[in-house]
Amino acid sequence: MKYAISHIAALFAVALISWTEMAMAQSDLCAGATPLVCGQTVTGNTTGFGGDPLGIGCGTNNSPGVWFSFVGTGGSVVASLCGSAFDTYITVVSGTCAAPICVAFNDDFCGFQSQVTFTAALGVTYYINVHGFFGASGAYTLSLTCPIPPVNETCATAIPVVCGSTVTGSTAGAAPDVLPAGCLMPVNAPGVWYSFTGTGQNVQFSLCGSAFDTRIAVLTGTCAGLVCAATNDDFCGAQSQTSIFAAVGITYYIYVTGFGTASGNFTLNVTCTNPPPNEICSGAILITCGQTITGTTAGATADVIPLGCAINNNGPAIWYRFTGNGGPMTISLCGSSFNTQLSLFTGTCGSLSCYWYNDDACGTQSQIALPNTISGQSYFVYVYGLNGASGAFNLSLTCPPPPAPSCFTLQANPCPSINLGADIAIPSCTDPCTPITLTPTIPAINATTSYTVCGIPYTPYPYNTGTGFSIGVDDVYTGIINLPFNFCFFGTNYTQCKVGSNGLMTFNVAAGPFCPWAFTATCPNALLPTNSIFGVYHDIDPAILCGATPCGDARYATFGTAPCRVFVVSWDNLPHFTGACNPLRTTCEIVLYETSNVIEVFVEGKPTCTTWNSGNALIGIQNNTGTIGYTPPNRNTGPWTAAYEGWRFTPAGASTSTVTWQQQGTALGTGNTINVCPSQATQTYAATVTYNLCNGTQLQYFDDIIITCAMIMLPVEWLSFDITSKPDVSEVMCNWKVASEQGNHYFTIQRSQDAEKWEDI
């Protein structure tokens, strides 16, 4: 009797199990997966089972798990673990258990539980793995639903919308679609399609007010060949909005989807406005020094700007322009009403070049301070918001007068030479003479035991010329580079160097292969690369790509002829390293001069990104022990900004030259000046300068000068000279008279016994 009662109870329990929710046999292996169909809900527990033995790599799977299978019906399928009792993870694959192909996976969709939506091709078997996150296991509820897809689930069935349209709908039941690379990638959530025919206006597509975390994309082209035009994720909270200029007659496709795998009800509003005149670069409005312009980006659309000149560029934007005055200029959005961005370009509207970028300079508003500008050059200003933000702004341009460069009159490259100037003609020469001082022009070439540093005008040698180095590779030194000439640096002669990808060159040919990027020490310091020239030393990244090619370029080249050649190392448009710093670009170069050993550094642009290595940068030189160094004012290690400036490091040790003098083949002496007294109508004087080079060799240069006298004049004009002796010849009386004396101090009388040897009396 006891047996009969138990048997009846078991039968009753079986009767309570419905088709939509039942406990079924569970399989630890893909090959033994339990079949499921649309509308079925099953419960079970993963505790005690093993992890996936296939190592499929489709989501994390290091937890106990069980397998189910499903044969596709040609529509969308939702596999959900919502309501399960632990932190779940779900994975869907196709193919075979021996060779699985990842279809979809999800970790957290509904709290810590998981859900995926995928399109199940008709007749294809899909395998569903129910497991946990990082070792978790427990009781689960797996439901499989096959909702009827929306009519506009595909691009080909997109529903038309027009200006002023407000449409409501749901992405539930749709399947994720494949979009072009970079357009809301990756897309794992259900999505639906709309279409719009351009009216020649700015069009705003907004999902603000929708019930879930949305994303939106606008595309052009054909459904078989779509091109991304605009995208947005979070514009109004977790909802999305984007704007485009819709050219007349062009069809635009609008894809409404969710973040992650989110789906739900949405409202799509389409608003059309006429564009402002300066919405495009060619309509840029001129702003002048001292002017402040108020405006709004509302109603404008995003423009296509060069890669790498913004963190994001999906919001309304308008254009302005200004003309450089050769000095510092500041363009500012401080005081605007929204979270702004500011990009600055040079070139032409048809060929813009990214010059500067700023996000937050004054709170969430933007400002770009240019230490120097090129006189007469046009700068294009792009005003827009972060993450699609728009609103009212104040745009101002301030222009303090440019300071005069401190070394403007110094010779850039003092090539060795000597020049005595033009020949000299004088009316008369006197005896005794009035000395003539001869001073040759000799370029000052000094020893490199010490240096002076001063500012010079921005006059660089060409960038993008010569032999490339380090492009595509970050934080490295080049191999050994043979210099085209001997170069003396801190008293030592060098014929080789290495160049670092982070804006420096060193004469330590054993340096590397790693070029250090992190530094806080100020120059001089042995913690910095020693025996080096810094120009500009900071963390830049030649490996960053703009599209399929590197954003920047780095090269070295030789210009001129011996003994006055120059060796130039340049870094052109190099991105700063990492994340938010990548849009910033540096262009600079180091110049070495032959014979004079002068060093110059030119900086076209060096913005500051303080979120990496505190924005530290350095211009300077230091010796091989890091004990002696020189830096320009305000250019030692720190977060500074520079543009269109030049610096010269000039050797300031003892002179390397000596001058010797001759008068028509007869040595007169040495020195940089000499006093001469022509004793005949035509006299030639010659000077030779000898430069003693750091490598032990000499250079000699010669020049001469001719001095001509119209006549030779004595300083005394005689009338008479009489001699009277006593009868005993014991005394001689000398009497003389002169008509004039000029420049005569005294008379000396001499006597001789034989008219050959004379003595003063």
Hull surface over four for the Cα convex hull of segment 337-399, reported in nm², is 4.9 nm²
Based on C-alpha coordinates, I'd like the Rg and Dmax of segment 258-319, in Å. 16.3, 52
Just to verify a number: what accessible area does Tyr451 come out at with the full protein assembly present, 1.4 Å probe, Å² rounded to tens? 10 Å²
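Quick one: net charge around Asn597, please, counting Lys, Arg +1 and Asp, Glu -1 for every other residue with C-beta under 15 Å from its C-beta.
On the way: positive: Arg565, Arg648; negative: Glu594, Glu600.
Residues close to Asn597 contribute a combined charge of 0.
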Along the three principal axes, how long is the chain when you take its alpha carbons, biggest first, rounded to the nearest angstrom? 190, 59, 39
Along each principal axis of its Cα atoms, how long is segment 629-761 end to end? Whole angstroms, biggest number first, please. 102, 33, 32
Suppose the chain between Thr197 and Ser450 were pulled fully straight at 0.36 nm per residue; how much longer would it get relative to their current alpha carbon spacing? 83.9 nm
Alpha carbons only, please: Rg and Dmax for segment 373-532, in angstrom. 25.7, 92
Cα→Cβ-extended label distance, 7 Å offset, between Thr96 and Phe112, nm: 3.9 nm
Placing +1 on each Lys and Arg Cβ and -1 on each Asp and Glu Cβ in the chain, then taking the dipole about the Cα centre, the residue among Gly135, Phe489, Thr301 whose Cα reaches farthest towards the positive end is Gly135
Debye intensity ratio in log₁₀ form over the Cα atoms of segment 422-487, taken at each q of 0.25 Å⁻¹: -1.26
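Keeping the other protein chains in place, figure out the carbon and sulfur percent of the accessible area of segment 147-208, with a 1.4 Å probe. Show your work: numbers first, answer last.
Working: 1590 of 2530 Å².
Carbon plus sulfur share of accessible area: 63 percent.
Between Asn634 and Asp704, 0.36 nm times their residue separation minus their Cα-Cα distance comes to what? Let's see the in-between values first.
On the way: separation 70, 0.36 × 70 = 25.20 nm, distance 4.64 nm.
The Asn634-Asp704 span can extend by a further 20.6 nm.
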Estimated distance in nm for a label pair at Ser282 and Val37, the labels positioned 7 Å out from Cα along Cα-to-Cβ: 6.4 nm
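For the chain, with every protein chain kept in place, what is the accessible area per residue (1.4 Å probe, Å²)?
Details: 33560 Å² over 761 residues.
Each residue of the chain exposes 44 Å² on average to a 1.4 Å probe.
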Between the modelled labels at Asn692 and Asp760 (7 Å from Cα along Cα→Cβ) the distance in nm is 3.9 nm
Over segment 590-741, what percent of the accessible surface lies on carbon and sulfur atoms, probe 1.4 Å? 52 percent
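Count charges around Val130 for me, please; just the other residues with Cβ under 12 Å from its Cβ, Lys/Arg as +1, Asp/Glu as -1.
Details: positive: none; negative: Asp28, Asp52.
Once all neighbours under 12 Å are counted, the net charge is -2.
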In square angstrom, rounded to the nearest 10, how much accessible surface does Leu420 have for a 1.4 Å probe? 20 Å²
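What Kirkwood hydrodynamic radius, in Å, does segment 176-290 give when the mean of 1/r is taken over all pairs of distinct Cα atoms and then inverted? Let's see the in-between values first.
Details: mean 1/r = 0.0666 Å⁻¹.
Hydrodynamic radius (Kirkwood, Cα pairs) of segment 176-290 is 15.0 Å.
Magnitude of the Cβ-charge dipole of the chain, K/R +1 and D/E -1, about the Cα centre, nearest 20 debye?
On the way: 14 positive and 39 negative charges, 305 e Å.
Using Cβ point charges on Lys, Arg, Asp and Glu, the chain gives about 1460 debye.
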Please compute the length gained on full extension between Ala681 and Ser655, using 0.36 nm multiplied by the number of residues separating them and subtracting their Cα-Cα distance. 5.8 nm
Out of every Cα pair in segment 566-669, what percent are spaced more than 23 Å from each other? 44 percent
Residue order for Arg751, Arg215 - accessible surface, 1.4 angstrom probe, largest first: Arg751, Arg215
Could you give the distance between the Cα centres of segment 671-706 and segment 504-548, to the whole Å? 45 Å
Whole percent per 10 Å bin, from 0 to the bin with the longest distance: what is P(r) over all C-alpha pairs of segment 464-531? 19, 49, 29, 3
One finds the C-alpha centres of segment 162-205 and segment 605-641 to be spaced, in Å, by 49 Å
Over the chain, cysteine residues that find no other Cys C-beta under 4.7 Å are Cys497, Cys515, Cys523, Cys588, Cys734
Cα-derived Rg to Rh of segment 449-592, Kirkwood definition: 0.95
Where Rh is the Kirkwood radius over Cα pairs, Rg/Rh for segment 140-235: 0.97
When you take every Cα atom in segment 223-358, what is the radius of gyration, and what is Dmax, the widest Cα pair distance, in Å? 17.3, 57
Can you sort Tyr477, Tyr593 by solvent-accessible area, 1.4 Å probe, largest first? Tyr477, Tyr593
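The values are calculated or read from the model by the stated rules, or taken from the named source; none is laboratory data. Small disclaimer: the values here were computed from a predicted structure and weren't measured. Glycine gets a Cβ as well: all are built from the backbone with ideal geometry, and neighbour counts include every protein chain shown. Accessible surface is based on the protein model in full, side chains and every heavy atom, while ligands, DNA and RNA are left aside. Shrake-Rupley method; radii C 1.70, N 1.55, O 1.52, S 1.80 Å.
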